[in-house]
Amino acid sequence: MDGTGGTGAALERAAADADVVEGWLRGLAGNRALPVEVLARLLEFDEPSIPTPWLRHRPLDAAATELVVASPQVQHRLDVTENPTADVDVLARLARDPEPRVRFVYAVMLFEHRRRIPAGVLEILAEDPEPKIRRIVRGGGAPPVAAQEPAAPVLTPEQRVAHPDLHVRLEAAADPGLPTALALRLAADPENDVRLAVSLREELTEDQRTAIPCTVPQRFWSPPSWIARQATDPDAARRIASSAHLGLRRALAAQPHLPSDVVTLLAADEDEWVRRTLAEHCEDAPHELLVELYATVQDRYWSGFRHHRNFARPGLARFADDPNPRLRNAALDDPEAGPELPLKLADDPEVSARAVSDPRLPADELLRRLARPAHAAAAAGNPALPVAVMHHLLDLAGAH
């Protein structure tokens, strides 16, 4: 597909519809195959023709980053500072940006993204005319040593477990250096978090753990440090996966890699949050579990399971006719499906956006969809869209 062909007249007629033109601009802004010369033209369109956040999320190589950093629109330069894919050496020019807001956000994002900081950047920002920018890079704002609170007195182990401050008791309960006998005194603490911390101590027996009354929060997964160490030992990992303690099983499920039989145990766990933690955090989570959760989870986290490395698999196309729209959507993740799959789903109102943006969609069909208000954005965002067509859409958008 290398041009508009016989659909040119249809696109010209469609350009009279403001919703279609807005769809083209939004679609192109999100098109991951957008070449730098098209990006340059897209930057010329005034906001809010394109939603502002687009430059924060689309991939940007060095050439694309140069374009945005040089944009006369302040909002463009602000947004590129928040793009984690932008070239760090090109972004360094923003340390001398004439707009203080840009320099401030750039300084903040230097530490937010935890990326390499080019040589000389911190020195430039440390001399910025704006005090708030200097404070960011110098780590200023802390009170002088003489004005700080005096050091807390050293407490004995007995004082720690009997201390009225919840945080002191919490630290004691989780401290592996605290003698077990003293730690077990906290098994009757009035605060659930303290009892939970005691129950997660490495040295306890299974009987000792289960005897401690505590509730594990639903999204609990942050593991005690010893879980990560034992997770690499197959026998220890199996023992933890078979524990009656929900917290241990959820913490184990949060490990990035686990033995295959342990993964199988956790994937079949009776506790939903053990299974969910495995799917959300373990790179070895099984495909079947990911699909099940994607289809059934009822909170805002459901869509994330699609992005797991084990989700896309041959055979998902079997869900193309499933009554569950999530599974019809998942069908498009079948890497072996042909063009007939997105063509079949292109008119499905619940999955059409993904189907129309699928690069397997037949070329002539993709061009036709550009002229439809409901599909204009998805079609313009299709990475298979020819560059010549991208330019033609911008010509038409500019003329209207």
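Side notes on the structure shown:
- Cβ pairs under 9 Å, 6+ apart, first in the range 365-387 and over 15 Å from Ala10 (Cβ atoms), second among the β-branched types (Val, Ile, Thr) and open to solvent by 20 Å² or more (accessible area, probe 1.4 Å): Pro386/Thr4
- Given (1) among the hydrophobic types (A, V, I, L, M, F, W, C); (2) under 30 Å from Ala92 (Cα atoms); (3) modelled with pLDDT of 70 or more, number of the condition Ala142 does not satisfy: (3)
- Among (1) surrounded by 15 or more Cβ atoms within 10 Å (Cβ to Cβ); (2) among the small types (Gly, Ala, Ser); (3) modelled with pLDDT under 95; (4) over 14 Å from Ala376 (Cα atoms) - the single one Ala14 does not satisfy: (4)
- Residue count, the range 199-230 (criterion: open to solvent by 80 Å² or more (accessible area, probe 1.4 Å), charged (D, E, K, R) and part of a helix (DSSP H, G or I)): 2
- Contacts under 6 angstrom Cβ, first residue in the range 189-215 being among the polar types (S, T, N, Q), partner assigned to a helix (DSSP H, G or I) and surrounded by 19 or more Cβ atoms within 10 Å (Cβ to Cβ), 6 or more apart: Ser199/Arg209
- So Glu340, is it without any contact (Cβ under 8 Å) to a residue 12 or more places away in the chain, under 21 Å from Pro223 (Cα atoms) and more than 18 Å from the chain's Cα centre (by Cα): no
- Taken over the range 44-83, the criterion of being farther than 18 Å from Arg115 by Cβ, at pLDDT below 95 and aliphatic (A, V, I, L, M) is satisfied by Ile50, Val74.
- Here Arg300 meets each of (1) under 27 Å from Leu385 (Cβ atoms); (2) among the basic types (Lys, Arg); (3) modelled with pLDDT under 95 with one exception, condition (1).
- Filtering the range 100-114 to residues that are loosely packed, with under 14 Cβ neighbours inside 10 Å and either touching a Gly at 6+ places or on another chain (Cβ under 9 Å) or over 14 Å from Lys132 (Cα atoms) (or both) leaves Phe111, Glu112, Arg114.
- Filtering the range 179-189 for residues that are open to solvent by 20 Å² or more (accessible area, probe 1.4 Å) and over 19 Å from Pro157 (Cβ atoms) leaves an empty set.
- Test for Ser260: is it out of contact with any Phe, Trp or Tyr (no Cβ under 9 Å at 6 or more places or on another chain), open to solvent by 20 Å² or more (accessible area, probe 1.4 Å) and hydroxyl-bearing (Ser, Thr, Tyr): yes
- Restricting Leu265, Leu278 to those that are in a helix (DSSP H, G or I) and open to solvent by less than 40 Å² (accessible area, probe 1.4 Å) reduces the list to Leu278.
- Residue satisfying all of: in the range 231-247; open to solvent by 80 Å² or more (accessible area, probe 1.4 Å) and part of a helix (DSSP H, G or I); farthest from Arg275 (Cα to Cα) among these: Asp235
- Of the candidates Pro118, Pro129, Pro98, the single residue that is farther than 24 Å from Asp61 by Cα, in a loop (DSSP other than H, G, I, E, B) and either of a type in the set (A, V, I, L, M, F, W, C) or over 24 Å from the mean Cα position of the chain (by Cα) (or both) is Pro129.
- Sole residue being part of a helix (DSSP H, G or I), within 23 Å of Arg239 (Cα to Cα) and either in contact with a Leu (Cβ under 6 Å, 6 or more places away or on another chain) or among the acidic types (Asp, Glu) (or both), chosen from Ala173, Ala183, Ala187: Ala173
The values are calculated or read from the model by the stated rules, or taken from the named source; none is laboratory data. All of these numbers come straight from a predicted model, not from anything done at the bench. Quick reminder, even Gly has a Cβ in these numbers, built from the backbone with ideal geometry, and neighbours come from all protein chains shown. Calculation scope for accessible area: heavy atoms of the full protein, side chains included, ligands and nucleic acids excluded. Shrake-Rupley method; radii C 1.70, N 1.55, O 1.52, S 1.80 Å.
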